[in-house]
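Visitor: This is the structure, below, for whatever I ask next.
Bear in mind that the values in this text are calculations on the coordinates, not laboratory data. For clarity, every value in this text was computed on a predicted model and none was experimentally measured. Every residue, glycine among them, receives a Cβ derived from its backbone with ideal geometry; neighbour counts consider all protein chains shown.
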Amino acid sequence: MKLSELAAALDCRLAGDGSIEIRGVAGMEHATATELTFLANPKYASRVKDTSAGAILVAAPIEGLAIAQLISGNPYLDFARALALFYQPPRPKPGIHPLACVSTSACIGENASIGAFAVVADGVVLGDDAVLHPHVVIYEGARIGDGFYAHSHAVVREYCRIGNRVTLQNGVVVGGDGFGFAKRADGTHAKIVQSGVTVIEDDVEVQSLTSVDRATVGETRVKRGAKIDSLVQVGHACVVGEDNIICAQTGLAGSSILGKGVLLAGQVGVSGHLTIHDGATVYAQSGIGGDVAPGAIVSGSPAFDYRDWLRAITAFPKLPAILKTVRRLEERLTAFTQAASPE
């Protein structure tokens with residue numbers, strides 16, 4: 001594809017030679033003369049002069065740069081769009097593999113692809129253009145919309161509901177039992193039946209080995225457009241809000257409510273029965289023990305305002321020296337007080 005054609009496809013302004021042939025995309029350090037790269041973060045601008053790329057996506061023209069430039073309002077997004085033009089993951093052909101097990105009472109939409117050893121149980125409704133890779137299991141009574149894409153070993157449990165254009169990566173479990181037990185008088189634990197469901201709305205993607213538990217009663221819900229990373233635990237009766245980003249190894253205890261546009265960085269722990277309000281950001285390895293205000297940015301465990309946290313964490317390594325200083329001052333003050341006191 002010529003660079004001029006790529007610029008038109010991305011609706012970017014071209015600065016430089018549009019006749020360059022672009023055959024792929026790559027990061028700045030690895031791109032070759034036939035590849036497109038991008039600059040999204042200004043702190044990496046010094047590296048641009050060293051790239052061997054044929055062209056670069058930038059937010060504003062860079063003076064004196066030898067290579068061609070595509071001027072973009074969002075270079076990172078347009079880089080992702082360019083990547084999709086050059087690479088499309090393989091998609092299985094429509095049809096049901098002879099080694100798949102599909103119930104005669106299941107309702108399968110048009111152009112579905114169901115791989116070997118996949119299981120679709122009684123009463124399942126599966127929408128148009130669905131892809132079930134080998135070893136995907138859909139339990140009884142699950143209802144799934146159009147454009148569903150499930151990688152190997154993903155599981156959708158009984159009676160759960162999934163919207164349109166949902167992607168489950170390998171090993172995801174939707175609707176596994178919530179962690180509920182009642183303690184008996186003798187100290188043993190009685191399992192509480194998890195009678196609720198999990199609901200996944202449209203345009204959600206869940207990455208590998210993540211669990212979204214079913215509710216004890218009622219529902220666990222992941223709202224439209226949320227993106228959940230690998231190794232995340234969403235406990236029973238949680239609500240993950242619209243367009244949330246939840247990064248790897250985060251855990252939400254039961255009945256955690258996340259508003260719209262919430263971002264939880266990696267290894268965040270949420271204690272449950274609380275609300276993280278719209279637009280809040282929680283930095284990595286933070287512990288959330290109470291409600292977080294709309295738009296707040298918090299960090300630490302227990303989490304508090306990130307600006308105060310940065311000051312506190314800067315002071316933390318200095319505490320031993322500060323403690324020594326305080327003790328010396330106390331000793332001097334005691335000596336001074338004793339010297340000044342009358343006999």
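Visitor: Out of the residues in segment 76-104 that are exposed (fewer than 12 other Cβ atoms within 10 Å of the Cβ) and polar (S, T, N, Q), state the one that is nearest to Val156 (Cα to Cα).
Guide: Here the answer is Thr104.
Visitor: Which of the residues spanning segment 99-133 are part of a loop (DSSP other than H, G, I, E, B), β-branched (Val, Ile, Thr) and more than 21 Å from Arg165 (Cα to Cα)?
Guide: Once the filter is applied, which keeps residues that are part of a loop (DSSP other than H, G, I, E, B), β-branched (Val, Ile, Thr) and more than 21 Å from Arg165 (Cα to Cα), segment 99-133 yields only Thr104.
Visitor: While we're here: For segment 268-280, does any single residue satisfy the condition of being surrounded by 14 or more Cβ atoms within 10 Å (Cβ to Cβ), among the charged types (D, E, K, R) and in contact with a Lys or Arg (Cβ under 8 Å, 6 or more places away or on another chain)?
Guide: Yes - at least one qualifying residue is present in segment 268-280.
Visitor: Out of (1) assigned to a loop (DSSP other than H, G, I, E, B); (2) surrounded by 15 or more Cβ atoms within 10 Å (Cβ to Cβ), what's the single condition that is false for Ser195?
Guide: (2)
Visitor: Of the residues Gln88, Gln69, which is outside any helix (DSSP H, G or I) and either under 24 Å from His151 (Cβ atoms) or of a type in the set (Phe, Trp, Tyr) (or both)?
Guide: Gln88
Visitor: Would you point out the residue of segment 23-37, among those that are over 11 Å from Ala68 (Cα atoms) and touching a residue at least 40 places away in the same chain (Cβ under 8 Å), that is surrounded by the most Cβ atoms within 10 Å (Cβ to Cβ)?
Guide: So the residue we want is Val25.
Visitor: What are the pairs with Cβ atoms under 7 angstrom where one residue, in segment 152-164, is farther than 11 Å from Val120 by Cα and the other, located anywhere, is of a type in the set (Lys, Arg) and surrounded by fewer than 21 Cβ atoms within 10 Å (Cβ to Cβ)? Sequence gap at least six, or different chains.
Guide: Short answer, once both residue conditions are applied: Arg161/Arg143.
Visitor: Shifting gears a bit: Name every residue in segment 133-190 that is in contact with a Phe, Trp or Tyr (Cβ under 6 Å, 6 or more places away or on another chain), farther than 19 Å from Ser103 by Cβ and not aliphatic (A, V, I, L, M), in order of residue number.
Guide: Thr167, His189, listed by residue number.
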